[in-house]
Amino acid sequence: MDKSFTFFQNLIREQFEGSFASSYDKIDEWTSMQSLIVVSTIDEHFDVLISHIDLKSINSLEDLHQKVLLMLKN
């Protein structure tokens, strides 16, 4: 499994087609639907469940990627 940030970023970007595309990298601007899509995608590809509390405390895709990597180690 590719754990690079580039892979992660592209994976998230793919989920944000159409009206979601412009804010895929601005976590604080995500709608609840966008958040659910991202949580589901991360679970599907990395087998990691991000809680809504964790997601609210994360400000960037880089931080989200680091959180996923940390959770993979546990």
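Where a number appears in this text, it was derived from the coordinates with a stated rule and is not lab data. Here the structure is a predicted model, which is why all the values come from computation and not from measurement. Reconstructed Cβ throughout: ideal geometry from the backbone, glycine too, with neighbour counts over all protein chains shown.
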Open item on the list: Please compute the length gained on full extension between residue 43 and residue 5, using 0.36 nm multiplied by the number of residues separating them and subtracting their Cα-Cα distance.
Closed with: 12.1 nm
Task: Nearest-20 debye value, the chain charge dipole, Cβ charges on Lys, Arg, Asp, Glu - done: 160 debye
Open item on the list: Can you find, among 5, 49, 70, the residue sitting farthest towards the positive end of the charge dipole of the chain, where Lys and Arg contribute +1 and Asp and Glu -1 at Cβ?
Closed with: 70
Task: Label-to-label distance, nm, for residues given as residue 71 and residue 33 (7 Å Cα→Cβ offset) - done: 2.3 nm
TODO: Compute the acute angle (0 to 90°) between the alpha-carbon long axis of helix 32-46 and the principal axis of greatest extent of the alpha-carbon atoms of the chain; round to the nearest 10°.
DONE: 30 degrees
- [ ] Report, to the nearest 10°, how far helix 5-15 tilts away from the longest principal axis of the Cα atoms in the chain, using its own Cα long axis and a range of 0 to 90°.
- [x] 40 degrees
Open item on the list: Under 8 Å for C-alpha pairs, at least 6 residues apart: give me the relative contact order for the range 5-73, rounded to a whole percent.
Closed with: 32 percent
